[in-house]
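Trainee: So that we are looking at the same thing, I have put the structure below in structure tokens.
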Amino acid sequence: MAAFADALAHLRREGDGDAWVNELADRAQAAWAGCRHGDRARWVQALAALPETEPAAAPDRPAPRLGTPVADPQALRGTLMELHPWRKGPLELGGVPVDCEWRSDWKWDRVRAHVDLTDSRVLDIGCGNGYFGWRMLGAGARQVVGIDPTWVYVMQWLACRHFAGVLPNYVLPLKVEDLPSGQAGFDAVFSMGVLYHRRDPAEHLRRLRALLRPGGRLVLETLVLPGDQPDGLLVPEGRYARMRNVWAVPGVGRLARWVAEAGFADVDVADVTATTPAEQRSTEWMRFQSLSDALEKPPQTGRPGVGPVRTVEGHPGPIRALVTAWR
Ligand SMILES: Nc1ncnc2c1ncn2[C@@H]1O[C@H](C[S@+](CC[C@H]([NH3+])C(=O)[O-])CC(=O)[O-])[C@@H](O)[C@H]1O
């Protein structure tokens, strides 16, 4: 598809001959060519049906405003709905508000207070549809390279890019383990909501360090245990909050030790916040089950998220820590 190829051409140009960037673009191109997802044709058709608007971007808003209002917002809504489920947002595309599953703007408010991205080249691992990339550009980043292996999120980013025009926020269909070795030299590497999906967290952290330039900054966000279990470690036997692939949930102290043991300096637990069904919920743009369906409902209230929260499997409810550290 021309739009994806065009984005890769821009990425290569910005890399200005850098071998790591060229190899990254080659791998993204190969992944794109190899996509056999059953919904691909429908997604590509939806992208082709997006109306032309004047490219525009106001990214530093809770709902980044991409594009200008279109003549037929109802038709655009229908087209964007072909790219369901919209998980990370909110967004405003061609004047249409996209109310995603996550209030990712709340997470961004927690992150932004602790991170200066002025003129930074950023790598965002597990970037979803690139929501945070827009916010990072809004916060002064020079370039954001996002990677995420979930195809529909790459398609959503292409829809965003259609409205935003040519901006240095990328979403490439790659896993962290697909990244080239060698000198990547990022000023900042983000790994938010990914560590608990990794079977070997220590290996993930070492890999993040290798992707940074010396003096570069790690921003790590992941599930942790409640504050009274700083050295604890939950290795769920089955699911955690209905998620199949959660391998390890450490206490905050243990998490900070993991980061230090991977070779990072000045490890700081900048924020610890419980995730509530107000932050992660079903909407018309994400019609599947969401967090409230994964939490135990205390009998006295019949409502999730009230009182000491537990997941439906009986584990402590989701709490996320934000850790920053330096290479
Ligand atoms: N091996 C992998 N390599 C890279 N990405 C992966 C891999 N496996 C899964 N993912 C991707 O990692 C993302 C995890 S979500 C966090 C999104 C965002 N960062 C957020 O903080 O909201 C979890 C959450 O909702 O918290 C998904 O988009 C996966 O496709």
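The values are calculated or read from the model by the stated rules, or taken from the named source; none is laboratory data. Note that the structure is a prediction, hence the values are computed from the model and not measured. A quick note on method: Cβ atoms are made from the backbone with ideal geometry, for glycine too, and the neighbour counts reach across all protein chains shown. For the accessible areas, the whole protein counts, side chains as well, though only heavy atoms, and no ligand, DNA or RNA atoms are used. Shrake-Rupley method; radii C 1.70, N 1.55, O 1.52, S 1.80 Å.
Trainee: Given the rule -39500 (n - 2.57) for each run of at least 4 DSSP H residues, summed and divided by the residues of the chain, what is its mean residue ellipticity at 222 nm, to the nearest 500 deg cm²/dmol?
Mentor: Roughly -9000 deg cm²/dmol at 222 nm, from the helical runs in the chain.
Trainee: For region 133-188 and region 225-276, write down the distance between their C-alpha centroids in whole Å.
Mentor: Taking the Cα centre of each part, region 133-188 and region 225-276 sit 26 Å apart.
Trainee: If you don't mind, there's one more thing I want to ask. For the chain, give me the percentage of DSSP beta bridges that are antiparallel, rounded to the nearest 5 percent.
Mentor: Of the beta bridges lying entirely in the chain, close to 55 percent run antiparallel.
Trainee: Let me have the relative contact order for region 86-217, percent, based on Cα pairs under 8 Å that are six or more residues apart.
Mentor: 22 percent
Trainee: Heavy-atom accessible area per residue, the chain, 1.4 Å probe: how many Å²? Each step should come with its number before you reach the end.
Mentor: Details: 13830 Å² over 327 residues.
Dividing the accessible area of the chain by its residue count gives 42 Å².
Trainee: Here's something else I'd like to know. Over the chain, calculate the relative contact order: mean separation of alpha carbon pairs under 8 Å at least 6 apart, over the residue count, as a percent.
Mentor: RCO, the chain: 16 percent.
Trainee: About its Cα centre, what dipole magnitude does the chain give when the only charges are +1 on Lys and Arg Cβ and -1 on Asp and Glu Cβ, stated in debye to the nearest 20? If you can, show how the numbers build up before the last one.
Mentor: Working: 39 positive and 39 negative charges, 101 e Å.
Here the size comes out at about 480 debye.
Trainee: Quick one: with all protein chains in place, what share of the accessible area of the chain is carbon or sulfur, to the nearest percent (1.4 Å probe)?
Mentor: Here carbon and sulfur together make up 50 percent of the probe-accessible area.
Trainee: Distance from a point 7 Å along Cα→Cβ of Ser181 to each backbone N in region 259-275: keep the residues under 20 Å and list them by number.
Mentor: Counting backbone N atoms under 20 Å from the label point, the list is 262-263.
Trainee: Given axes a ≥ b ≥ c from the Cα gyration tensor, I'd like to know whether the chain is rounded (a/c under 1.5), prolate (a/b larger than b/c) or oblate.
Mentor: Oblate, since a/c reaches 1.5 and b/c is not below a/b.
Trainee: Please compute the net charge surrounding Gly34, taking Lys and Arg as +1 and Asp and Glu as -1 over other residues with Cβ under 12 Å from its Cβ.
Mentor: Net local charge, Gly34 excluded: +2.
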